[in-house]
Amino acid sequence: MSNTITITVATGEDMQALGERLAKLARGGDVLLLSGPLGAGKTTFAQGFGAGLGIGEPIVSPTFTIARELEGRFADGSPAHLVHVDAYRLGGNAYAPGQDTVGRLLDELESLGLDEELEDPGEHTIILMEWGEQMAAALAPERLEIHIDRPLDAPAVTADGELTSAGARTVTLVPVGAAWDSFDFTAGKR
C-alpha cells in the first residue's frame with residue numbers, strides 16, 4: 001500500500017498553507033525534495049514551510065547562493081535548523097573523464113560543504129531542496145518527494161501571454177523510505 005497523495009492547490013496562499021501544514025509534521029533529519037517547472041510554486045511552498053517552523057526571516061529562492069540556513073522551531077518547540085537548497089545551478093557540464101551526472105553533483109555538493117549534511121542531517125536539521133530530484137537516490141534514501149505540476153490545459157497568463165503565479169497546481173507527495181512509513185498527510189500524522 002502506498003501513502004502517496006495528490007492534492008490540488010488553487011492559489012499561492014494555499015501553496016503556503018500546504019508548506020506550513022507539512023512543516024508541522026516535520027522531524028529533525030528529514031529531507032524534502034521539491035520538483036516542478038519554473039514558476040510551479042516551489043519557493044512559495046518553502047515560504048509556507050518556513051512559516052510553519054516559525055522562521056521570522058524571509059524565505060527567498062537561494063538560486064544564486066545555492067543554500068540558506070535558517071533557524072526556527074519544530075511543532076514540539078525544539079530547535080529546527082532549516083537548510084534551504086536550490087540545486088538548479090548544480091550539475092553543469094564540466095565532467096571529469098568517465099564521471100556521471102550524480103558523481104558531478106556529489107563533487108559540487110562536497111565543494112559547497114553540503115554533501116555530509118544532505119547524507120545525514122543532524123537531529124535538528126531539515127533539508128528542503130528545490131530541484132533536488134536528480135540527486136535523490138544518491139543522497140537521500142529516505143525522503144519526501146514533493147512534485148508540483150502546473151496543468152497545461154488552463155495556465156494563468158497575462159494579456160501578453162506570460163505565465164503568472166496564479167492558477168491551480170497539482171502537488172504529489174511521495175514518501176520514500178522507512179522514516180516515512182507512517183506518514184499520513186490526510187490524518188496529519190507521522
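The values are calculated or read from the model by the stated rules, or taken from the named source; none is laboratory data. Keep in mind the model is a prediction, meaning the values are calculated, not measured. Cβ sites come from the backbone with ideal geometry, for glycine too, and all protein chains shown count toward neighbours. Each accessible area value is taken on the protein alone, full model and side chains, heavy atoms only, with ligands, DNA and RNA left out. Shrake-Rupley method; radii C 1.70, N 1.55, O 1.52, S 1.80 Å.
Please list 12-22, 169-179, 44-54 highest first by mean number of surrounding beta-carbon atoms within 10 Å per residue.
On the way: 12-22: 19.6, 169-179: 17.5, 44-54: 23.5.
So the peptides 12-22, 169-179, 44-54, ranked by packing, come out 44-54, 12-22, 169-179.
Starting from the 7 Å offset along Cα-to-Cβ, what nm value, one decimal, do you get for the label separation of ARG73 and ALA178?
It is 3.2 nm.
Heavy-atom accessible area of SER35 with all protein chains present, probe 1.4 Å, nearest 10 Å²?
We get 10 Å² for SER35.
Label VAL60 and THR170 with points 7 Å out from Cα along Cα→Cβ: what is the distance between them in nm?
3.4
Taking the Cα-to-Cβ direction at GLU13 and at ARG27 and moving 7 Å from each Cα, how far apart do the two end points lie in nm?
Reported label-point gap for GLU13 and ARG27 is 3.4 nm.
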